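Take a look at the structure below.
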Amino acid sequence: MRLYRAKDYEDMSRKAANIISAQVIMKPDCVLGLATGSTPIGTYKQLIEWYEKGDLDFSEVTTVNLDEYKGLTKDNDQSYYYFMHDNLFNHVNLQKGRSFLPDGTEPDSEKACRDYNAVIRQAGGIDLQLLGLGNNGHIGFNEPADHFPQETHCVDLTPSTIEANKRFFAKAEDVPRQAYTMGIGTIMSAKKVLLVVSGEGKAKILRDALYGPVTPEVPASILQFHKDLCVVADEAALSEMP
Ligand code: GLP
């Protein structure tokens, strides 16, 4: 594991964007695994800025996102489809048809997951997977469980995740109860994993993920076994490190 210590959120975002840029420059037709949540927003902003300056070209890049709420339409401003267009896709030269998310509008969970596994397989696997860290240690929407799910599956969101994510919705009842998420097996098969973490609120779970026992109770702990893991975290998030 390589740990990059950032001063604050801006610094974390710039360092993470640098790592993603290096990937895109070294392999212009790479497959980027992307993430939602508030943590990567600054990273996306920085990538957009460098794209606008002419330093980055996404024309050959394919993207696959980690997850999507089940039941939200694409035009719902809380869907991850909407989030990704708003925060990145609409602002860079990714080609239409080369950015993928699980289909939250597909009511048949088995079909939605099967189709998404096929998309990832067809893309040839993931070169770099960007991850945020959930308050309960989830990655994507892989919630604490008694095993590490392999491929895309439908999850019941835990009360703590619904609580954490309700800030984006008008009220807690509006948060979907289920989501489709890439599995831990798929995330672990990414050639490189980039975990971004910011803020004191994540300090304890980051310590547990990186230095605690590897257990599906803390899904991110599996990353300790990844052969090319980069963690970019700010001082506040690193305040509980051993
Ligand atoms: C959601 C997403 C995760 C993300 C997590 C943390 O639950 N499914 O991929 O990592 O939120 O979000 P934040 O970065 O806002 O703390």
Open item on the list: Rounded to the nearest 20 debye, what is the charge dipole size of the stretch 188-242 about its Cα centre when +1 sits on each Lys and Arg Cβ and -1 on each Asp and Glu Cβ?
Closed with: 260
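Percent relative contact order of the stretch 120-200, based on C-alpha pairs within less than 8 angstrom and at least six residues apart? Intermediate results must be reported in sequence, preceding the final value.
Numbers: 116 pairs, mean separation 34.9, N = 81.
After rounding, I find 43 percent.
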TODO: Show that you can apply the helix-only estimate: for the chain, add -39,500 (n - 2.57) for every DSSP H stretch of four or more residues, divide by all residues, and state [θ] at 222 nm to the nearest 500.
DONE: -9500 deg cm²/dmol
- [ ] Could you calculate the contour length gain from residue 86 to residue 240, that is, 0.36 nm times the residue separation minus the distance between their Cα atoms, to one decimal place in nm?
- [x] 52.1 nm
TODO: Tabulate in residue order the Karplus-calculated ³J(HN,Hα) for the stretch 43-50, using 6.51 cos²θ - 1.76 cosθ + 1.60 with θ = phi - 60°, rounded to whole Hz; enter x for Gly and Pro.
DONE: 5, 4, 4, 5, 4, 4, 4, 5
Open item on the list: Starting from 0.36 nm per residue, how many nanometres of slack lie between residue 25 and residue 1 once their C-alpha separation is accounted for?
Closed with: 6.4 nm
- [ ] Kindly write out, for the stretch 219-230 in residue order, the coupling ³J(HN,Hα) from the Karplus curve 6.51 cos²θ - 1.76 cosθ + 1.60 (θ = phi - 60°), rounded to whole Hz, with x marking Gly and Pro.
- [x] x, 5, 5, 4, 4, 4, 8, 6, 7, 9, 9, 10
Open item on the list: Please give the Cα centre distance for the stretch 124-188 versus the stretch 18-40, rounded to the nearest Å.
Closed with: 20
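How much of the accessible area of the chain, in percent, comes from carbon and sulfur atoms when a 1.4 Å probe is used?
Answer for the chain: carbon and sulfur cover 50 percent of the accessible area.
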Task: Point-charge dipole on Cβ atoms (K/R +1, D/E -1) for the stretch 48-144, about Cα centre, debye to 20 - done: 220
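Taking 8 Å as the Cα distance limit and 6 or more residues as the minimum spacing, I'd like the relative contact order of the stretch 60-108 as a percentage.
Reported as a whole number, the value is 55 percent.
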TODO: Name the residues whose placed amide hydrogens come within less than 5 Å of the amide hydrogen of residue 64, ignoring near sequence neighbours (fewer than 5 apart) on the same chain.
DONE: 32, 33, 34, 100
- [ ] Compare the peptides 92-98, 212-218 by average per-residue count of other Cβ atoms within 10 angstrom and give them in order, highest first.
- [x] 212-218, 92-98
- [ ] Report the trypsin sites (Lys or Arg not before Pro) located in the stretch 136-242 that are in a DSSP loop and have at most 10 other Cβ atoms inside 10 Å of their Cβ, or state none.
- [x] 171, 227
Open item on the list: Give the lysines reachable from residue 45 as a straight Cα distance under 19 Å; neighbours fewer than 8 places away on the same chain don't count.
Closed with: 7, 15, 53
Task: More than 34 Å apart - percent of Cα-Cα pairs taken over the chain - done: 8
Open item on the list: Given Cβ point charges of +1 (Lys, Arg) and -1 (Asp, Glu) and nothing else, what value in debye, to the nearest 20, does the dipole of the chain about its Cα centre take?
Closed with: 500
Open item on the list: I want the local charge near residue 28. Using Cβ-Cβ distances under 12 Å, sum +1 for each Lys or Arg and -1 for each Asp or Glu among the other residues.
Closed with: -3
TODO: Rank 140, 124, 104 by mean-square fluctuation in a GNM of the chain with C-alpha springs under 10 angstrom and give only the top-ranked residue.
DONE: 124
Task: Residue-normalised accessible area of the stretch 169-242, given per residue in Å² at a 1.4 Å probe - done: 40
Task: Average accessible area per residue (Å²) across the stretch 1-152 - probe 1.4 Å, nucleic acids and ligands excluded - done: 46
- [ ] Check the straight Cα-Cα distances from residue 166 and name the lysines below 20 Å, setting aside those fewer than 8 residues away within the same chain.
- [x] 70, 74, 202
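The values are calculated or read from the model by the stated rules, or taken from the named source; none is laboratory data. These numbers were taken from a predicted model, which means no experiment stands behind them. For neighbour counting, all protein chains shown are included, and Cβ atoms are generated from backbone atoms with ideal geometry for every residue, glycine included. Heads up: the accessible areas ignore ligands, DNA and RNA and are worked out on the full protein's heavy atoms, side chains in. Shrake-Rupley method; radii C 1.70, N 1.55, O 1.52, S 1.80 Å.
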